[in-house]
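Any read-out appearing in this document is the output of simple, stated calculations on the displayed coordinates, not a laboratory observation. Source: prediction; values computed, not measured. Here the Cβ positions follow ideal geometry from the backbone for every residue, glycine too, while neighbour counts run over all protein chains shown.
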Amino acid sequence: MANAIGVVEFTSIARGMYAADQMVKISDVEIVTASSTCPGKYIAIVHGDVASVSDSVETGERLAEEYLVDSLIIPNVSPAVFPAIAGTTVPDRIQALGIIESFSLASMILAADAILKTADVEALELRLGNGLGGKAFFTFTGDVAAVNTSMDAGKAIAKEKGLLVNCEVIASVSDRLIPSLF
């Protein structure tokens, strides 16, 4: 069962591509995304069963050497993380809006997973690095209490790693802003 996700973030695009190739050769995993990100970094995200993802990430970390930025494994990732990475989530309505940003792509995936598991919220987008100077952000919606509760969980993870940039909750989003969220 493909319920685990693994992430390895590199400072070298060349080493990232090489390691991503080896990561999928060593284990029975699928690539969620493997691409360059700003500012000149590379991220490899894989999913599969826990053992395969663990083997794959360990391979990526080992091959990264001095080019490793961050890595993580989430054994039982929220299924809503995948469409958020792809930017394909469109909820029926936007209630309160949560926005959290981090200096680490891997940390943002971990924070987004915690946010989605903490309260009844829906993912909008998990943007990883491109056009963001290497930062990442996650947007999500739900009622105000759920968004605040979830935000606290995500903020704690990003703060623990020292990589939180900022987070905001908009209780009542303007109808004029909503189209720009998708």
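The alpha-carbon of Lys117 sits under 16 angstrom from the alpha-carbons of these lysines, leaving out residues fewer than 8 places away in its chain: Lys155.
Local charge for Ile43 was computed over the other residues whose Cβ lies under 11 Å away, with Lys and Arg +1 and Asp and Glu -1, and equals -1. Amide H contacts of Ile94 (H built 1.01 Å from N, in plane; Pro and chain starts excluded): no residue 5 or more places away or on another chain comes under 5 Å. As a ratio to 2.2 N^0.38 Å, the alpha-carbon radius of gyration computed for the stretch 1-104 takes the value 1.12. Taken one residue at a time, the phi angles of the stretch 169-180 give Karplus couplings (6.51, -1.76, 1.60, θ = phi - 60°) of 10, 10, 5, 9, 6, 5, 4, 7, 8, 3, x, 6 Hz. Gly and Pro are set to x. Under the criterion of Cα pairs below 8 Å and six or more residues apart, the relative contact order for the stretch 1-157 equals 24 percent. For Asn130, the residues 5 or more places off, or on other chains, whose built amide H falls under 5 Å of its own are Cys38. Tell me whether the stretch 117-174 comes out rounded, prolate or oblate; compute the Cα gyration tensor, take square roots of the eigenvalues as a ≥ b ≥ c, and use a/c under 1.5 as the rounded threshold. Oblate, because a/c is 1.5 or more while a/b does not exceed b/c. Counting Cα-Cα pairs of the stretch 69-129 in 5 Å increments starting at 0 gives whole-percent bin shares of 4, 18, 30, 29, 14, 4, 1, 0. Once the dipole of the stretch 1-149 is set up with Lys and Arg at +1 and Asp and Glu at -1 on Cβ about the Cα centre, which of Gly6, Leu110, Thr88 lies farthest towards its positive end? Sorting the options by dipole projection puts first Thr88. With the simple spin-label model, which puts each label point 7 Å out from Cα in the Cβ direction, the Val169 to Thr88 separation comes to 3.1 nm. Taking a straight line from the alpha carbon of Lys25, these lysines sit under 28 Å away, with near neighbours fewer than eight places off in the same chain left out: Lys41.
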